[in-house]
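Note sheet for the following structure.
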Amino acid sequence: MGIFGDEKHENHNGQEKVHASPDGDVDIGLVSENADLLQRRLGNRQIQLIAIGGSIGTALFVSIGYGLERGGPGSLFVAYTIQSCFLGMINNGMAEVGTLHPVSGGFVRMAGHFVDDAFGFMAGWNFFFYEALLIPFEITALNLVLSYWSDNIPVAAVCAACIVTYAALNFLAVKAYGEAEFWLSGGKVILIFMLFSFTFVTMVGGNPQGDAYGFRNWEDGAFAEYRTTGLLGRFEGFLAALWSAAFTVVGPEYIAMVAAEAKRPRIYIKNAFKTVYWRFGIFFILGSLCVGIVVSHENQTLVAIVGGALPSGTAAASPYVIAMKELGVNGLPHLVNALLCTSIYSAGNTYTYCATRTLYGLALEGRAPKVLTKCTKSGVPYLCFAIVICFPFLSFLQVSSSSAIVLTWLVNLITAGGIIDYIVMGVTYICFYHACKAQGVDRKTFPYTGWLQPWCAYLGTAWMTMIVFCFGYASFAPWSTDGFFSNYTMLLIAPVTFTFWKVLKKTKFVKPLEADLVWERPVVDAYEESFLSPPIGFWAEMGQLVGIGRNKFKDRRQSSVVSTNAR
């Protein structure tokens, strides 16, 4: 690797042009941040908060009430714990391959590269529709939460405002998007810890009523009956809580998608994947425990909300807001509802970004029209964005239909799509692992090595497969056509898209001995080696925001190219 940093300039695609050395050892060349037109502009703090922004959304604060009402606090806590553990197994494998190959399109392109091009086609379009449908879901949920203050807020105006602002934020350079998401996601972190503090203080008696209620709500039946009675009813209650967890507990997919636009991906992306386990424990497991503490699953307001018996204004309240109102806590419900709004808005913003990059990744591999690979000078795939921004218009369905009905349909469609994504990640890692083994590659030399592999990948994939086939079982008895198609549409589409591409392109499964384990690594390696300064830690970057260590941690780069005429 030749180092020659005196004469260079950076073009609009994030590439540095290096002039030939006087002795001819280094040819004129370019040092690219990527093998495509995306630019690496996201810093450590932005990556960490974007990952949080994608994983914490409406479900953790609002939709979790459905799992609580049907399963009870015990089932909810156990279900969220189990789901977090199995998704952690999927994350374990994704961290290894995602850190080694931080490519545009994330796990979608990896699926086609290490498994089968048809598998990548199926995975890409599944993830694209999953992310794109999440955008109107979040806008619909935002209208629900806003109606807590008034039923007279015009639904159409809220939908239009979200679409316009999402368009503005995502059409700017990725650094601008990352900065906006950093501050929006920061509000989520404040909100979740505020709710945890509220739970602890009120349960020990710090509330207007002076009632130290502790775990009283668990005494109403920690494992509630649902659909039937007795042991079977409690098991079905647990399943209802598990389906809630399957929709709520997310994370690794968003880190994989930002990897291609992250500075120092071998370090910052690795750190982001490693903190996923902490996020699972703090946000999802502890969050499910707190919800079951503050509100009884038999609470009449909660029951009415889940059953659809209350108007949208009342349904806007999350379980936490219900608890605050019943305890007589004034003021705080309004603050929580305001932060809920920013949280929901932030999630929709992240989904817009991920859907755009997914479509771009499909176009790079020829699984979508090549014209979609065109980018602006700041690295935004503008044609992909133009298609994605059409999906939020589905939120206008609320104008003529109940928000709760729209929300239910979107949740059912999206849940299966999300679980399919995790199955894709698991299968991709298994194929990657066996390719490494067949080619004699030592995985310990990678920037990150997953633990207990491939058993984690096998267990995680088997669990997710069971979830995706069983979570709509209630539509079979009694038979419900609407329920069946809302729960299984994405699952039915997956084999159709796979078969279509396999027949059309006559693709073949990638054999372990033939898998390309190098891929775009040389480009990333050259980019990583071009840095003079050490990587900046999360808290160091946070300090820079207020002027601490700003001069110490300059993001300096030097050019590097592969020597082609070395003597």
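How large is the charge dipole for region 247-355, taken about the Cα centre, if only the Cβ atoms of Lys, Arg (+1) and Asp, Glu (-1) carry charge, to the nearest 20 debye? Intermediate values should be presented prior to the final figure.
Numbers: 7 positive and 4 negative charges, 129 e Å.
Using only the charged Cβ atoms, the result is roughly 620 debye.
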Q: Taking all protein chains together and a probe of 1.4 Å, list CYS470, CYS341 from the most accessible to the least accessible.
A: CYS470, CYS341
Q: Heavy atoms only, probe 1.4 angstrom, no DNA, RNA or ligands counted: give me THR449, THR497, THR358 ranked by accessible area, highest first.
A: THR449, THR497, THR358
Q. If we count every other residue with Cβ under 12 angstrom of ILE52's Cβ, Lys/Arg +1 and Asp/Glu -1, where does the sum land?
A. +2
Q.
Based only on Cα atoms, what mean projected area does the convex hull of region 52-204 have, in nm²?
A. 12.4 nm²
**Q.** Principal axes of region 173-237: Cα extent on each, largest first, Å
**A.** 57, 36, 12
Q. Once label points are set 7 Å from the Cα along Cα→Cβ at both LYS325 and LYS505, what is their separation, rounded to one decimal in nm?
A. 5.1 nm
Q | Neighbourhood charge, 14 Å Cβ-Cβ cut-off, centred on CYS436 and excluding it, Lys, Arg +1 and Asp, Glu -1 | A | +1
Q.
Need one number: nm distance between label points at GLU529 and HIS434, each 7 Å from Cα along Cα→Cβ, rounded to one decimal.
A. 3.4 nm
Q.
Report the Cα-based extents of region 419-496 along its three principal axes, largest first, to the nearest Å.
A. 53, 24, 19
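Here are some pairs, LYS274/LYS508; LYS374/LYS505; LYS270/LYS437; which of them have Cα atoms lying more than 28 Å apart in this structure? Could the numbers behind the result be given before it?
Numbers: LYS274/LYS508 34 Å; LYS374/LYS505 24 Å; LYS270/LYS437 22 Å.
Check vs 28 Å cut-off fails for LYS274/LYS508.
The values are calculated or read from the model by the stated rules, or taken from the named source; none is laboratory data. For clarity, every value in this text was computed on a predicted model and none was experimentally measured. Because the Cβ atoms are built from the backbone with ideal geometry, glycine has one as well, and the counts that use them run over all protein chains shown. All accessible areas refer to the heavy atoms of the entire protein, side chains included, with ligands and DNA or RNA removed. Shrake-Rupley method; radii C 1.70, N 1.55, O 1.52, S 1.80 Å.
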